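Chemist: Okay, here's the structure, questions in a sec.
The values are calculated or read from the model by the stated rules, or taken from the named source; none is laboratory data. The structure presented is a predicted model; accordingly, all values stated were derived computationally and were not measured. In this analysis, Cβ positions are derived from the backbone assuming ideal geometry, glycine residues included, and neighbour counts consider all displayed protein chains.
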Amino acid sequence: MASFTNKLSSLFLIPAVILSFLCMAVPSIADLQRLEHAAKADGSLSLLVVGDWGRRGAYNQSKVAFQMGKIGEKLDIDFVISTGDNFYDDGLTGIDDPAFHESFTKIYTAPSLQKQWYHVLGNHDYRGDVEAQLSDYLTKLDNRWICLRSYIVNAEIVEFFFIDTTPFVKKYVTDPEDHVYDWSGVLPRKQYISNLLKDLDLALKQSSAKWKIVVGHHTIRSAGHHGDTQELVSHLLPILQINQVDLYINGHDHCLEHISSPDSPIQFLTSGGGSKAWKGDVNWWNPDQMKFYYDGQGFMSVQIKQTQLDIDFYDIFGNVLHNWTTSKHLHSTM
Ligand SMILES: *[C@@H]1O[C@H](CO)[C@@H](O)[C@H](O)[C@H]1NC(C)=O
Ligand SMILES: *[C@@H]1O[C@H](CO)[C@@H](O)[C@H](O)[C@H]1NC(C)=O
């Protein structure tokens with residue numbers, strides 16, 4: 001809680017953001033920290049999503065960043081979401097790792113990107129010093145930076161639920177190969193996962209937001225290199241479905257991808273094209289559900305209004321590769 005308080009004070013620099021503590025009436029509410037992000041005056045919100053990026057500008061990271069700046073300005077974005085794998089190959093070595101400056105601050109320099117960045121951790125981040133990425137010291141170095149393990153960003157018409165998915169994936173524990181993961185803070189693992197799922201379910205049930213979006217690093221559904229993440233299909237997906245989550249947004253597979261679901265309205269969106277892409281690495285998927293797959297670099301935008309939500313995917317030239325729109329009728333919240 002102490003470091004959260006420090007983070008709070010450094011955030012007063014950004015007037016749009018008001019952090020609030022767990023002030024919900026129900027005492028059993030989740031440990032999920034709640035942040036408030038004011039929407040625009042008309043209640044709408046727009047943002048960009050990028051994932052799998054930190055490579056000191058290499059593998060087109062700088063080109064993606066440049067286009068994000070242009071699209072960010074055009075859409076007048078409110079914030080940016082990072083789907084994790086923030087620093088390659090092995091996260092940050094500590095709070096003073098120069099990669100923070102070289103892969104983040106120095107890369108995303110456009111005026112439109114000087115907004116809050118909400119991050120989750122990816123598996124590569126877990127191979128470094130996790131506490132460093134969670135530290136409010138980074139927020140002091142660059143006041144855009146917000147990275148917590150699992151948390152909620154409430155923007156009135158939409159609530160974002162950021163979920164720490166790396167601990168779900170069993171093979172990182174049972175078969176870490178030559179990697180060392182920093183599991184401090186998430187042990188015992190099973191209890192960590194079950195608490196997180198319980199907290200998420202409760203927070204989703206208590207949400208009165210018109211739109212509900214869940215963000216994690218790992219895939220639930222993907223035709224890319226890693227494919228589905230079975231642990232998330234088994235344990236996370238049922239909670240998203242029962243609570244009528246609109247979108248699940250992830251990275252991990254280094255591509256841009258949109259898959260729909262045969263048995264619920266949820267859309268699976270992969271934005272993992274922030275730097276190195278995996279050309280040609282795609283598996284067959286039912287064409288009825290595979291709306292879009294791109295094996296190069298790029299990013300995604302989300303525009304949200306009371307009655308409409310728009311998704312667009314962009315390549316490194318700023319071309320729209322794919323778009324998707326859905327609407328909900330205007331009626332008062334339940
Ligand atoms: C950068 O993007 C271009 C256009 O998509 C692609 O042809 C090229 O291979 C990419 N470079 C790298 C290093 O990925
Ligand atoms: C969405 O894509 C369609 C073609 O697939 C295009 O006609 C339309 O203009 C696009 N809309 C936006 C807002 O980019």
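Chemist: Would you mind listing the helices (runs of 4 or more DSSP H) fully within segment 73-180 where at least 2 residues are under 22 Å from GLY251 (Cα atoms) and touching an Asp or Glu at 6+ places or on another chain (Cβ under 9 Å)?
Modeler: Qualifying helices (runs of 4 or more DSSP H): 130-134.
Chemist: Would you mind finding the one in TYR314, TYR293 that is touching a residue at least 40 places away in the same chain (Cβ under 8 Å), more than 22 Å from ASP78 (Cα to Cα), within 16 Å of ligand 2 (Cβ to nearest atom) and crowded, with 17+ Cβ neighbours inside 10 Å?
Modeler: TYR293 is the lone residue from the list that is touching a residue at least 40 places away in the same chain (Cβ under 8 Å), more than 22 Å from ASP78 (Cα to Cα), within 16 Å of ligand 2 (Cβ to nearest atom) and crowded, with 17+ Cβ neighbours inside 10 Å.
Chemist: Ok, one more. Looking at (1) under 23 Å from TYR151 (Cβ atoms); (2) surrounded by fewer than 19 Cβ atoms within 10 Å (Cβ to Cβ); (3) at pLDDT 95 or above; (4) of a type outside the set (Ser, Thr, Tyr), which is the one condition that is false for LYS74?
Modeler: For LYS74, the failing item is (1).
Chemist: Here's a check for you: in segment 160-197, which residue that is of a type in the set (Asp, Glu) and in contact (Cβ under 8 Å) with a residue 40 or more places away in the chain is nearest to ALA209 (Cα to Cα)?
Modeler: Taking the candidates together, the pick is ASP164.
Chemist: Filtering segment 221-237 down to residues that are touching a residue at least 12 places away in the same chain (Cβ under 8 Å) and part of a helix (DSSP H, G or I), which residue is surrounded by the fewest Cβ atoms within 10 Å (Cβ to Cβ)?
Modeler: Within segment 221-237, the match that is surrounded by the fewest Cβ atoms within 10 Å (Cβ to Cβ) is VAL233.
Chemist: Is it true that some residue in segment 261-281 is of a type in the set (A, V, I, L, M) and more than 26 Å from LYS305 (Cβ to Cβ)?
Modeler: Yes, segment 261-281 has at least one match.
Chemist: Checking the structure you have, find out if any residue of segment 59-66 is free of Cβ contacts under 8 Å to residues at least 40 places away in the same chain and of a type in the set (Lys, Arg).
Modeler: no
Chemist: Another one. It is to be established whether one or more residues within segment 288-311 are closer than 22 Å to ASP89 by Cα and of a type in the set (Gly, Ala, Ser).
Modeler: The answer is yes, given that some residue of segment 288-311 is closer than 22 Å to ASP89 by Cα and of a type in the set (Gly, Ala, Ser).
Chemist: Mind listing just one residue for me: the one in segment 294-315 that is of a type in the set (Ser, Thr, Tyr) and within 24 Å of PHE160 (Cα to Cα) and, of those, nearest to the chain's Cα centre (by Cα)?
Modeler: Among those residues, the one meeting the criterion is SER301.
Chemist: Identify, please: which residue in segment 266-290 is part of a loop (DSSP other than H, G, I, E, B) and under 21 Å from the mean Cα position of the chain (by Cα) and is, among those, surrounded by the most Cβ atoms within 10 Å (Cβ to Cβ)?
Modeler: Applying the filter and picking the extreme gives GLY272.
Residue-by-condition table, conditions (1) without any contact (Cβ under 8 Å) to a residue 60 or more places away in the chain; (2) within 15 Å of ligand 2 (Cβ to nearest atom):
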{"residue": "ASP263", "(1), (2)": "yes, no"}
{"residue": "GLY273", "(1), (2)": "no, no"}
{"residue": "TRP278", "(1), (2)": "yes, no"}
{"residue": "VAL282", "(1), (2)": "yes, no"}
{"residue": "TRP285", "(1), (2)": "no, no"}
{"residue": "MET300", "(1), (2)": "no, yes"}
{"residue": "THR307", "(1), (2)": "yes, no"}
{"residue": "HIS322", "(1), (2)": "no, yes"}
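Chemist: Next question. Might you check whether a residue that is over 23 Å from VAL49 (Cβ atoms) and part of a loop (DSSP other than H, G, I, E, B) occurs anywhere in segment 201-211?
Modeler: yes
Chemist: State which residue is nearest to ligand 1 (Cβ to nearest atom) when the search covers only segment 312-321 and only residues that are assigned to a strand (DSSP E or B) and closer than 20 Å to LYS276 by Cα.
Modeler: Here the answer is ASP315.
Chemist: Just checking, which of VAL245, VAL233 is over 20 Å from SER82 (Cα atoms) and β-branched (Val, Ile, Thr)?
Modeler: Residue meeting the stated conditions: VAL233.
Chemist: Can you tell me which of THR109, THR93 is closer than 30 Å to ALA41 by Cβ and at pLDDT 95 or above?
Modeler: THR109 is the lone residue from the list that is closer than 30 Å to ALA41 by Cβ and at pLDDT 95 or above.
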